[in-house]
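Q: Would you mind keeping the following structure in view while I ask a few things?
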Amino acid sequence: MIRYQVELAERSYPIWIGAHAIESLGEELRRIRATAALIVTNTTVGPLYESEAVAAIRRALPELPLATVTLPDGESYKDIERVMQIIDAAAAAGLDRKSCIVALGGGVVGDMAGFAASMWMRGIRVIQVPTTLLAQVDSSVGGKTGANIATGKNLIGAFHQPSSVLIDPLVLKTLPKREVSAGIAEIVKYGVLGDVEFFSLLEREMDALRKLDSDTVSRVVAHCCAMKADIVRQDELEAGVRTKLNLGHTFGHAIEKLTGYGTWLHGEAVGAGMVMAAVLSRRLGYIDGEAVERIRNLVLRAGLPDRVAGLSAKEAYRAMKGDKKSQGGVIRFVVIRDIGRTEIETVAEEAVFETMQECGWN
């Protein structure tokens, strides 16, 4: 297996990437000396991988107290009610300060399980076992946890680093094509924001990636995790360079809010948001039309939308001002100076509205 270390002093942890990584779950729980474990999963992932996770734990720790809580599947359920469901399960299972929550699922499960772990007894350990491509390359690494409220996405949460991340590319074989495409959006993001050679690799290998070719997936996931680990090492609490990981997310979060969480997958909204960020950057004079089309074409080849239709630009702008990435009501955008080079800036309102109208907003 491939191993990366997220270097955060006493909060450092390993990322394991490889076939059957889930089989190491029991060993990881033994390594951190967990006194009990609670598996958090959902109605889609549980029937596929819960028994495998339990078997892995039982092989290493046959006497470990173990419980499971199963959540409904989908972004529309990423709310405080489900977080409290996890906390209630932790209480029922008797988890103490040396216990561990295991997040077995995609980004929604990982975010809520991590958030619950950050609160239970003022913070217990969590192991991330991501089962979607999006979670494997992005949300499982870095310790950002949270839930949505009516006002906006991930407005409640905490930074709570995992004790380890176990990434098994084999679990992706059960993903619907739409979920695969959603994960690729975050992969494209890494190329646009900081690695032009990786962007070019994606242009060459997109078809193989969408088909989940094992060698291509392993290389791509490992590269994204290495980039994310380095960024988190530099800026754990998103005060500087880590903010660039929000490329496409300002527009994307507005799409999710206005359409109702779950109508667009997160990666779909980010894909369209990256195209809008590229169009905005062209309007600001940073990139030319050729660069915009390279980004748009890669987004489209990933099976993602490149525009919206019928949404209100005014409502979207209000949503952006309430997003957690704005400061003092001022919206900050990740703009593209070139493929592989980005900056964080405030942008004139007129340029934002012109961009949204060009991309299909009303």
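Q: Please go through the residue pairs K153/K228; K78/K314; K177/K257; K189/K257 and name each one whose alpha carbons sit more than 31 Å apart in this structure.
A: From K153/K228; K78/K314; K177/K257; K189/K257, over 31 Å: none.
Q: Right, here's the next one. What is the set of long-range amide H partners of R337 at a cut-off below 5 Å, with H atoms built 1.01 Å from backbone N?
A: Hits under the 5 Å cutoff: T342, E343.
Q: For D88, what accessible area in Å² do you get when you roll a 1.4 Å probe over the heavy atoms of the protein chains, rounding to the nearest 10?
A: Its accessible surface works out to 90 Å², give or take rounding.
Q: Kindly report the accessible area of the range 13-168 per residue (heavy atoms of protein chains, probe 1.4 Å, no ligands, DNA or RNA), in Å².
A: Value for the range 13-168: 35 Å² per residue.
Q: In terms of the Cα gyration tensor, with a ≥ b ≥ c the square roots of its eigenvalues, is the range 175-316 rounded because a/c is under 1.5, prolate because a/b exceeds b/c, or oblate?
A: It is rounded, given that a/c, with a ≥ b ≥ c, falls under 1.5.
Q: Taking all protein chains in place and a 1.4 Å probe, what share, in percent, of the accessible surface of the range 258-324 do carbon and sulfur account for?
A: Here carbon and sulfur together make up 47 percent of the probe-accessible area.
Q: Need one number: nm distance between label points at Q357 and A92, each 7 Å from Cα along Cα→Cβ, rounded to one decimal.
A: With each label point 7 Å from Cα toward Cβ, the separation is 5.5 nm.
Q: A further question on this structure: Probe radius 1.4 Å, ligands and nucleic acids ignored: give me the carbon and sulfur share of the accessible area of the range 138-233 as a rounded percent.
A: Carbon and sulfur: 51 percent of the exposed surface of the range 138-233.
Q: How much solvent-accessible surface does W120 expose, in Å² to the nearest 10, with a 1.4 Å probe and all protein chains in place?
A: Accessible surface of W120 is approximately 50 Å².
Q: Accessible area, 1.4 Å probe, largest first: how do Y49, Y190 sort?
A: In descending accessible area the options line up as Y49, Y190.
Q: Please state the shape class of the range 309-356: rounded when a/c is under 1.5, otherwise prolate if a/b exceeds b/c and oblate if not, all from the C-alpha gyration tensor.
A: oblate
Q: Work out from phi, with θ = phi - 60° and the Karplus expression 6.51 cos²θ - 1.76 cosθ + 1.60, the ³J(HN,Hα) of each residue of the range 89-102, listed in order in whole Hz, and give x for Gly and Pro.
A: 5, 5, 5, 4, 7, x, 5, 10, 5, 9, 7, 9, 9, 10
Q: Hey, another quick one. Once you put a point 7 Å from the Cα of D230 and another 7 Å from the Cα of E63, both along the Cβ direction, what distance in nm separates them?
A: 4.6 nm
Q: A further question follows. Rank S214, S281 by accessible area, highest first, at a 1.4 Å probe radius? Don't jump to the answer; show the numbers that get you there.
A: Working: S214 80, S281 0 Å².
Listed by decreasing accessible area, they come as S214, S281.
Q: Per-residue accessible area for R210 at 1.4 Å probe radius, Å² rounded to 10?
A: Roughly 100 Å² of R210 is accessible to a 1.4 Å probe.
Q: Note down the nm distance, to one decimal, between modelled labels 7 Å out along Cα→Cβ at R11 and at R33.
A: 2.1 nm
Q: Now for a different question. Could you sort H266, H249, H20 by accessible area so the largest value comes first, with the probe set to 1.4 Å?
A: H20, H266, H249
Q: Indicate the gyration tensor shape class of the range 1-119 (rounded, prolate or oblate), computed on the Cα atoms with a ≥ b ≥ c the square roots of the eigenvalues: a/c under 1.5 is rounded; otherwise a/b larger than b/c is prolate and the rest oblate.
A: Rounded.
Q: Something else about it: To the nearest 20 debye, what charge dipole does the chain have about its Cα centre, counting +1 at the Cβ of each Lys and Arg and -1 at the Cβ of each Asp and Glu?
A: 520 debye
The values are calculated or read from the model by the stated rules, or taken from the named source; none is laboratory data. Quick caveat, the model's predicted, so the values are computed rather than measured. Positions of Cβ are backbone-derived with ideal geometry, glycine not excepted, and every protein chain shown enters the neighbour counts. For the accessible areas, the whole protein counts, side chains as well, though only heavy atoms, and no ligand, DNA or RNA atoms are used. Shrake-Rupley method; radii C 1.70, N 1.55, O 1.52, S 1.80 Å.
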